[in-house]
1. Compare T114, T222, T66 in a GNM of the chain, Cα atoms joined below 10 Å, and give the one with the largest fluctuation.
2. So what are the ³J(HN,Hα) numbers for region 16-24, from phi and the Karplus equation (6.51, -1.76, 1.60; θ = phi - 60°), rounded to whole Hz, Gly and Pro as x?
3. Per residue and in cubic angstrom, what volume does the convex hull of the Cα atoms of region 120-234 have?
4. Build a GNM of the chain with springs between Cα atoms under 10 Å: which of G287, G179, G275 gets the top mean-square fluctuation?
5. Work from the charge dipole of the chain (Cβ charges, +1 for Lys and Arg, -1 for Asp and Glu, about the Cα centre) and give the residue of P185, V52, L158 farthest towards its positive end.
6. Check R91: other-chain or 5+ apart residues with amide H under 5 Å from its amide H, H built from backbone geometry?
7. Only counting other Cβ atoms within 10 Å, I'd like R223, R91 sorted with the fewest neighbours first.
8. For region 103-175, just list the percent of Cα-Cα distances falling in each 5 Å bin from zero outward, please.
Amino acid sequence: MVRYIIRRLLGAIAVLFAVSVITFGLFAIVPAVTGADPSYLYVGKTASPAQVEAIRHSFGLDKPVTVQYLEFVKGIVVGREFSDGTATGTRPCPAPCFGYSFRYSSPVWDLMMTALPITASLCVGAAILWLLFGLSAGVLSALRRGTFFDRLVMVIALAGVSIPVFFTAVLLLYVFVYGPIPILPTVSYTPLTTDPVAWFQAMILPWIALAFLYAALYARLTRANMLDTLGEDYIRTATAKGLDRRHVIGKHALRSALTPIVTIFGLDVGALLGGAVLTETAFSLPGLGFISYQAISKSDLPVIMGVTILAAVFIVFANIIVDLLYAVIDPRVRLH
């Protein structure tokens, strides 16, 4: 087990290194090859040559690409400083430094750490809801295959997968905030430690909007996996031996059916921790997805690059945790 974890961690480091090189290349190497000067993204095409040169020097864009990447990696490990365009002025960026946003006059890491609790609140709450309702609906639908309940669940699941999250968000806001049943205040994020009630009121609608999409998907996947598992020989043998049906379903069938669900769940949670762009934008939640959208609209390349790498970290380590959970859920799986 220890050797397996070490190999997986080394593999994760290699993957993150590759992601950092590719991501950095998209924002540094490609503009250099194509001849496009990224400095103009910050000062505009009508800026004077002196302004362009100041921005180029502030971001280190006047250095070779390899030097820029090494300084970027060095900044993550030990921090770095950025020139503010003057002869003596600098902007400190302590480790881990993922760059400096001159749009917000703040290190990218500070911006991401401010937004991360909001994204984490959205992801965790929605994940609990979609697992609770998605798995329950999928299992019951498989056990009642062909009944009215089964058909109803699949129709709802199809609608949930088909309806985009921003439409669900607008509908929920209209009904429960501005429309016929105004039981909730306008969505405005409040930290959990400041006011738990206000935090819950701000998050309940984003949770439902995001969970509706994923619960529908998980219900369909759980139903399909349960039907396949219930047809296995060992399930029929356990039933023929007279084992209690709840024991057969819970200990044998469900545990086997959950293995692929856990894989998808790890990927989904890892990706959402990197930013649920549509949900956060629809509800104006200043999480990682929202600041990514703002960064794209403002051409704030350091923020985009930082969020991309952070999302890769979440996905990679979510995969490692999923692999370790395999042995817990399914005893047939052995980690070597």
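No lab work stands behind these numbers, since they all come straight from the coordinates. None of these values were measured; they are calculated from a predicted model. Here the Cβ positions follow ideal geometry from the backbone for every residue, glycine too, while neighbour counts run over all protein chains shown.
1. The residue that fluctuates most here is T66.
2. With coefficients 6.51, -1.76 and 1.60, one gets 5, 5, 4, 5, 5, 5, 5, 5, 4 Hz.
3. Roughly 117 Å³ of hull volume per residue.
4. G179
5. L158
6. Amide H neighbours of R91: F82, S83, D84.
7. R91, R223
8. 3, 12, 13, 17, 16, 12, 10, 6, 4, 3, 2, 1
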